[in-house]
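Colleague: Take a look at the following structure, please.
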Amino acid sequence: QPIIAGGNASGITDIVLSPMNNGEVWMQGVDFGLTYFLSDKLIIDGNISWYGTTEFYNKLTKKNDPINAPKWKWNTSLKWESTLGDFIINYRHVNQFKWSDGIWTGIIGPYDIIDLFYTYYITENLDVNLTVLNLNNDIHKELIGGAQMGRQMVIRFTSSF
């Protein structure tokens, strides 16, 4: 049975434009990374990214749309193999940026995250790994419409034969 309902299709005020091909879009940016081996057991690593194109003109909506990426972000890490086990500490910074994807729009960041990884070798065939993501518990979203990210801890045992 057809259902007849009141309404007017020409009275729609909001239109959601979902993924579409925007044709030719010019973008620019630079990534620079450096790894320095202080010794065979101690390594410092870093990376910085600059994204010069943070928005582009949308011919359909007649306005600028964000590219969903920050203009600046950087990270650094320290890796150390010791007799106590292997340690890695990472630091990551993401600048604030606009986000738009269909109905999901808003501002992301800025946020700073410290991650810690530790592996202890119990025997030649068994090790335990502790991973702490977002050790500093910087509550944030990494995409609009997604969950808030906080501290996460995982303990894992690995066996090899």
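Colleague: Expressed as a rounded percentage, what relative contact order does segment 31-115 have, with Cα pairs under 8 Å and six or more residues apart?
Modeller: Values: 180 pairs, mean separation 19.1, N = 85.
It rounds to 22 percent for segment 31-115.
Colleague: If I take the Cα coordinates of segment 87-161 and project them onto the principal axes, what are the three extents in Å, biggest first?
Modeller: 51, 22, 15
Colleague: Averaged across orientations, what area in nm² does the convex hull of the alpha carbons in segment 13-161 project?
Modeller: Numbers: hull surface 49.9 nm².
Spelled out: convex hull of the Cα atoms, projected over all directions, averaged, 12.5 nm².
Colleague: As a test of reading the structure, rank Val154, Val128 by solvent-accessible area (1.4 Å probe, protein chains only), most first. Spell out each step's value before the answer.
Modeller: Working: Val154 65, Val128 30 Å².
Result, largest first: Val154, Val128.
Colleague: In the Gaussian network model of the chain, springs joining C-alpha atoms below 10 Å, which of Lys73, Lys59, Lys98 carries the largest mean-square fluctuation?
Modeller: Lys59
Colleague: What FRET efficiency do you get for Leu116 and Trp50 if R0 is 41 Å and r is their Cβ-Cβ distance, rounded to the nearest 0.05?
Modeller: Approximately 0.90, to the nearest 0.05.
Colleague: Below 8 Å, C-alpha to C-alpha, sequence gap of six or more: please give me the relative contact order for the chain in percent. The partial results should precede the final answer.
Modeller: On the way: 334 pairs, mean separation 22.1, N = 161.
In percent, rounded to a whole number, it is 14.
Colleague: Regarding segment 91-132, what is the average projected area of its C-alpha convex hull, in nm²? List each step's numbers first, then the result.
Modeller: Details: hull surface 19.3 nm².
Mean projected area of the Cα convex hull: 4.8 nm².
Colleague: Specify the longest stretch of the chain that does not include any exposed loop site, a site being one of the GluC sites (Glu not before Pro) with a non-H, G, I, E, B DSSP assignment and at most 12 other Cβ atoms within 10 Å. Please report the intermediate quantities before stating the final value.
Modeller: Values: sites that count: Glu24, Glu124.
Maximal segment without exposed cleavage sites: 25-123.
Colleague: Taking 0.36 nm per intervening residue step and subtracting the Cα-Cα distance, what contour gain separates Thr35 from Lys62 on full extension? Spell out each step's value before the answer.
Modeller: Working: separation 27, 0.36 × 27 = 9.72 nm, distance 4.39 nm.
Result: 5.3 nm gained on full extension.
The values are calculated or read from the model by the stated rules, or taken from the named source; none is laboratory data. What you see is a predicted model, and the numbers here were worked out from it, not measured in a lab. When we count neighbours, we look across all protein chains shown, and the Cβ atoms used for this are built from the backbone with ideal geometry, even at glycine. In case anyone asks, the SASA skips ligands and DNA or RNA and just uses the protein heavy atoms, side chains included. Shrake-Rupley method; radii C 1.70, N 1.55, O 1.52, S 1.80 Å.
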